[in-house]
Amino acid sequence: MSARELHAILPLLILSGGILFLLLQVSFLRSHKAAAATAVITLIAAIAACFDVARTLSQSAAPIEVTGLLLIDQQALFFCLLFLLAALAIAVLGFSYLQKRCDSARESIPEAFYLLLLLVMLGAMALVFSNHFASVFLSMELMSLALYPMLGFAVTGDLSPRLEQMYSLESGVKYLLLSALSTALGLFGMALIYAACGALDFGGVAAAVANLPRTPSLLLSGLTLLLITLAFKLSLVPFHIWTPDVYQGAPSPVTALIATVGKGAVVALLLRLFTELELFSIPALTGLLAAASVASMLVGNLLALMQKNIKRLLAYSSIAHIGYLLVAFLIGNSAFGNEAVLYYLVAYVITTLGAFGAVGLIADSALARTAGSAGEYVYTTTSPFQRDFYRGLLWRSPWLAGCLAAMLLSLAGIPLTIGFIGKFYIFAAGIQGQLRLLLAAVVIGSAIGLFYYLRLLLTMVLREPQAPLDSIESVRIAVSGRLLLISLTGVLLIFGVFPQILIDWIYTL
Amino acid sequence: MTPFSTLPAIIAILFCGGILAWLSERYFNRGSRQISLISLSVAAALLATYWPHLTDSPTGVWWDSVQINWIPRFGISFSLAIDGLGFLMLALTVLMGLFGLVVTWRDIRFRRGFFYFNYLWTLAGVVGVFTAIDLFLFFFFWEVMLLPMLFLIAVWGYEERIPAAIKFFIFTQASSLLMLLAIVTLVYLHYSASGILTFNYRELLNAQLTPGNAYWLMLGFFIAFAVKLPALPLHTWLPDAHTQAPTAGSILLAAILLKTGAYGLLRFTLPLFPEASAAFAPVAMSIGAASIIYGALLAFAQQDMKRLVAYSSVSHMGFVLLGLYAMNTVAAQGAVMQMIAHGFSTAALFSLVGAIQKRLNSRDMAQLGGLWSSLPKLSATALFFAVASLGMPGLGNFIAEFLVLLGSFDSNHWITAIAATGLIGAALYALLMMQRVFFGGLRTPEDAQTRSPTDLKAREFLALISLAAGLLLLGLRPQVVFDIAQPAIARTGTLHKKAPTATSQISSPKLRLSAWPDTDHRRGNSP
């Protein structure tokens, strides 16, 4: 391995180093704040490293292959940058979450959260860089294994409400079982691909596919099984059953993590897989994805209509959004399709982070006000995740409600927000690919989507505050959380009004 | 392009005024109304700088235009332009904005700053819609005006405001998604054919489309505009939204927002897809005639005064649709006149209903009666505008409806004959409302018995009287409006002529363009 190759995986090395350092640090110094600081510094260093690698890449112009397992190119670096920034936001959200729930005098270990967060990031980034089925499997497992305990993390916080702990545990176990099942299918798929092609690296498989006269059914079934695994991770209909429960039960920062980084990394992999292996030419696979996309848009939006719990609502809406994203993906191997996927993913990540962030922070603040008798917190009133809790929020805390409103409008695809430009990209891509059926589903899905986003939005502006007495005063959240939300909203508006900036970045990086 | 240009300045002043109004109310607890008044007045003054263009016959097509690169990736630019039609619409917007502000000066008590923020942003969005000539920008403003309107209805509306607001938003938003789809497709087809990626209206006018494509795209635009107009099967959001909105919101909706649909048809649908529009004209005219009759019938059947006025809007906007698709200058002039006159008369009627509701706490015609004795000024004004609304000669509405019928009779006898019966309906519902509410023995709702209602204040009276004077002016000197609108309408007409006919497979009805070059003026002047 040359120095150049080592330099290319610098972000991964920094993350690994950070993880080791954090492990040692925790064994000597038990401090929540110090652990959070180390995680944030590691993430920032990794971001800096990404920029550094990107600069070298732009000089040589050719992607750097590292040991046949990883391939570092501009696009992958862009994804990594996006995910690292998202992870920074999640670290901030997690800090607020744990601050409220962990009493360090007792047995809770908030430091583990950051360790797991960095591990998830390591897995996600390795997945984005993967160029070999072995590394795909390894990194996907690394990501999932770190996610299981994170989903159940509320159990660690000894001040968490009882109900929250149960839900969180349910969420972790559910994801563990179903994810293991889907991974087994995917592994079997890889074995079939190997049987058909005799190779596991993407280049080798692509060559084998090109040499075969017609796609053999062995290869096709292998690819289909692999696709099912990915569809599970993306929670495409009909592999979406786990999503609402897991999203609802998990701590809000982890929900944001699994919805943004967890899904984004799989989108990145899907993009590379289809481009490298030239799978767009196999109608069976694209047909499968198209069907899943249409189903996701319709089912996701329809089921979201019936939710009263905000996190479940956002879970279903995220199913629909991945459906929209696939429309851009499906127009085949084209530069425009790539650009559209990237833009939509950025919009999705920013908006989802903001939405789950706002919901989580609001819930945290509700928790703080209602300390129970035994030291542990209980939600005395309606759960802060119910829609009723948001009645008249705009009058109680205008800035917070304004940020959440901006996120909702972006999810609904209303102009001035990044979500609108994303939707515009989807339309443009669909028209270029002449995907009439998919476009019809986008229009119908968006129209349905409007209803539930609006209902939530209008709940926030209800004139008479009928919320229970103790929630009438304004919602107080930590300064860090407030700053995070305001900056996310700012980014959302800037990219919504001046999308050219982001388009230029997508091109240069 | 000079560094200071008037069009962006008007929009910017309204946007900034909105933000200032909000902030001042939040931190000083007052001043939002004054700030709104000042920013609207400044906008009116800026608009008045175009006055010289009215008198000298404009040589260029556009009086003024601005173009700044916005999203070069897609050939999208921030381009605004104004011509005679745009000027008329802007003047209507600013005047009605001022009227709504003045006439409801004391109505809003809850979160006043946020109210005027939304009020001004709606107006800013509408100004953008009337001046944008980049299709993307047009769509952008089209959506920007919706959201504040949604808040106006949802926060300050009456009893059933939330469902009404949601219905309003979903109807308009879902249909505008179709328009976005049509816009992007149009641009894509133009790009594939010519290699130029642009959203600019003036360039897209030259797009060569196959008849089939053009027809579908035209439908995409038409549906979005027809929802806004509203035309018959897509009108169901309107009665609810108008009824539940606060008075100022109803004025904005009826006087201005409905006109964006008509403007869109005239500015975009007809010139961009001349052949497809011609093929579609009989259908559109039938929809227009059906809206006229249906709106009149339903207005006749209402108990709620506000609903009555709302349904009368459906009827009146039917005339606009009929006139626009009659495809000749006379009818188009009538349609433009109707847009303005309807704006005036409906805004006045909504403000009067609002005034009654404020005084007597009811707008139910079953509970009201004989108000003339206790509210003479209000009742007299109401009589004037009710009569204007039913099309009394001498007032703007008469000129408009007469010209529309005159022009469309030329295109389609039967549809016009049917539409004309709508005038009888208008007389019925307007006079019935007068009779039940203002004449006869005094009836007021029980809970208002103790209070003796006060008549119109000087402020309200003055605002209403100036609208009445405006209607009278439109009725007696309509020529001014015709002269201003003529170049823009003629351009729509010449496009019909220039439209390539070789590729057309659709048998288009014979068009008689500019068939009445002078006569319309003479007739218009003789009420």
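Net charge near B:L272, counting Lys/Arg +1 and Asp/Glu -1 over other residues with Cβ under 12 Å of its Cβ?
On the way: positive: B:R202, B:R267; negative: B:E203, B:E275.
Summing Lys and Arg as +1 and Asp and Glu as -1 gives 0.
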_Mean residue ellipticity (222 nm) of the protein assembly as shown, computed from DSSP H runs ≥ 4 via -39,500 (n - 2.57), nearest 500_ = -24000 deg cm²/dmol
_What lysines does A:K33 reach when the alpha-carbon gap must be under 21 Å and sequence neighbours fewer than 8 apart in one chain are set aside?_
A:K100
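For the stretch A:282-509, what is the convex hull (Cα atoms) projected area averaged across all directions, in square nanometres?
Working: hull surface 55.3 nm².
Convex hull of Cα atoms, orientation-averaged projection: 13.8 nm².
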*Rounded to the nearest 10 degrees, what's the angle between the helix A:436-460 long axis and the longest principal axis of chain A, both from Cα atoms, 0 to 90?*
20
*Give me the Debye-computed log₁₀ of I(q)/I(0) at q = 0.05, 0.06, 0.08, 0.10 Å⁻¹ for the stretch B:6-524, equal point scatterers on Cα only, no solvent, two decimals.*
-0.18, -0.26, -0.46, -0.74
*Taking A:K423 as the anchor, which lysines have their alpha carbon closer than 21 Å to its alpha carbon, excluding any fewer than eight residues away along the same chain?*
A:K263
*asked:* For B:K377, give me every one of the lysines with a C-alpha distance below 21 angstrom, ignoring sequence neighbours fewer than eight places off in its own chain.
replied: B:K306, B:K358, B:K457
*Compute from the Cα atoms of the stretch A:81-240 the Rg and the Dmax, the latter being the longest Cα-Cα distance, and quote both in angstrom.*
19.2, 67
*May I ask for the net charge around A:L305, where only other residues with Cβ less than 14 Å from the Cβ of A:L305 are counted and Lys, Arg are +1 while Asp, Glu are -1?*
+4
*Against the longest principal axis of chain B, how steep is helix B:84-103, in degrees 0 to 90 to the nearest 10, with axes from Cα atoms?*
20
_Using distinct alpha-carbon pairs, which all enter the 1/r mean, Kirkwood radius of the protein assembly as shown in Å_ = 30.8
*In degrees between 0 and 90, to the nearest 10, how far off the longest principal axis of chain A does helix A:10-28 point, with axes built from Cα atoms?*
40
*Radius of gyration and Dmax for the stretch B:292-362's Cα atoms, expressed in Å?*
14.1, 47
*State, as an integer percentage, the relative contact order of the stretch B:6-524 based on alpha-carbon contacts under 8 Å between residues 6 or more apart.*
15
*Alpha-carbon centroid distance for the pair the stretch A:142-196 / the stretch A:395-447, whole angstrom*: 30
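Can you give the convex hull volume per residue for the Cα atoms of chain A, as a whole number of Å³?
Numbers: hull volume 66.5 nm³, N = 509.
Here the figure is 131 Å³ per residue.
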*Evaluated at 10 °C with a viscosity of 1.306 mPa s, what Stokes-Einstein diffusion coefficient in µm²/s does the stretch B:26-101 have when Rh comes from the Kirkwood expression over alpha-carbon pairs?*
107
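We did not get these values from a lab; they are worked out from the coordinates using the rules stated. Since the model is a prediction, treat every value here as computed from it, not as a measurement. Quick reminder, even Gly has a Cβ in these numbers, built from the backbone with ideal geometry, and neighbours come from all protein chains shown.
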